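Please read the structure below before turning to the comments.
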Amino acid sequence: MSYKLYYAPASASLGVRVILEEIGADYELIPANIEMNKPRSQSHMALNPNGWLPVLIWGDNAMYECAAITVFLCDRHPEAKLAPAFHEPERGLFLQTLVYFSSTVQNAFQLDYYPDRFADTPATEPSARRRGLRRLRETWAIVDDQIGNNNWMIGDRFSAADIYLFMLTTWLQPARGQPSTQEFPNVKRISDAVMKRPSVQLVYEKWISEQKIVSQFAK
């Protein structure tokens, strides 16, 4: 099965690319722009009028929204065992976790990174940012509590929810006032484990190298 993925560094498309690597699919990356001050391509906007990433194409079909693409790929490639099957008890928690990531955790990031979307005037944008920073800590605490003593995000089995978790941790910037994974030991434990996977080492090679440099300077 062959796919095309509209893709840009530091975007949610990296998480989808990790899943494509995990399922062993053939895919082509289509570079896309996500900078706010630059226009999106017409082909990109035709598939997702919001101008966001990722966008996945297969055959004559296309879809967007990272959580939706994640579920779609997991269900289309059950042999990769990246998601519980419909009849398995963990299925509900798997879906709940993905939707929480996409609708709540990512929304908290948006409050910080794009306060203009939530404020009526530029003067009230700092308030939106402060709420975003508080909300990030609240949501990551909930995620950390969900993990508890589990080996992985939804229990004892690795799944695409762990890939999604790792992707979101790479967006955290403590220098902006956002929390660090150090504040959430269960999140950090799973994030560190996911980072060792060959698929993640490939897709996040640049980010991982940058983190090593930052760690060296912090010593």
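The values are calculated or read from the model by the stated rules, or taken from the named source; none is laboratory data. Being a predicted model, the structure only gives us computed values, none of them experimental. So basically every Cβ, Gly included, is an ideal-geometry build from the backbone, and we count neighbours across all protein chains shown.
Looking at residue 128, is it crowded, with 17+ Cβ neighbours inside 10 Å, touching a Gly at 6+ places or on another chain (Cβ under 6 Å) and either in a helix (DSSP H, G or I) or not assigned by TED's automatic domain parsing to the domain that holds residue 71 (or both)?
When the stated conditions are applied, residue 128 does not pass them.
Could you say which residue among 118, 94, 101, 109 is closer than 24 Å to residue 141 by Cβ and touching a Pro at 6+ places or on another chain (Cβ under 9 Å)?
94
As an exercise: evaluate residue 154 against (1) under 22 Å from residue 11 (Cα atoms); (2) at pLDDT 95 or above and give the number of the one condition it does not meet.
With respect to (1) under 22 Å from residue 11 (Cα atoms); (2) at pLDDT 95 or above, residue 154 is out only on (1).
Look at residue 104 and say whether it is under 19 Å from the mean Cα position of the chain (by Cα) and in a helix (DSSP H, G or I).
yes
Among the residues of the stretch 52-60, are any touching a residue at least 24 places away in the same chain (Cβ under 8 Å), assigned by TED's automatic domain parsing to the domain that holds residue 35 and at positive phi?
no
Going by the conditions given, is residue 19 in contact with a His (Cβ under 8 Å, 6 or more places away or on another chain), buried (at least 18 other Cβ atoms within 10 Å of the Cβ) and under 23 Å from residue 198 (Cα atoms)?
No; evaluated as a whole, the condition is false for this residue.
Could you check how many residues of the stretch 154-186 are of a type in the set (A, V, I, L, M, F, W, C), more than 14 Å from the chain's Cα centre (by Cα) and either buried (at least 19 other Cβ atoms within 10 Å of the Cβ) or on the phi > 0 side of the Ramachandran plot (or both)?
Looking only at that region, the number is 3.
Would you pick out the residues in the stretch 16-50 that are touching a helix residue (DSSP H, G or I) at 6+ places or on another chain (Cβ under 6 Å) and without any contact (Cβ under 8 Å) to a residue 24 or more places away in the chain?
The answer is none; no residue qualifies.
Could you list, ordered by first residue, the pairs with Cβ atoms under 6 Å in which the first is in the stretch 186-215 and free of Cβ contacts under 8 Å to residues at least 40 places away in the same chain and the second is part of a helix (DSSP H, G or I) and aromatic (Phe, Trp, Tyr), at least 6 apart or interchain?
Within 6 Å, the pairs are 191/166; 194/166.
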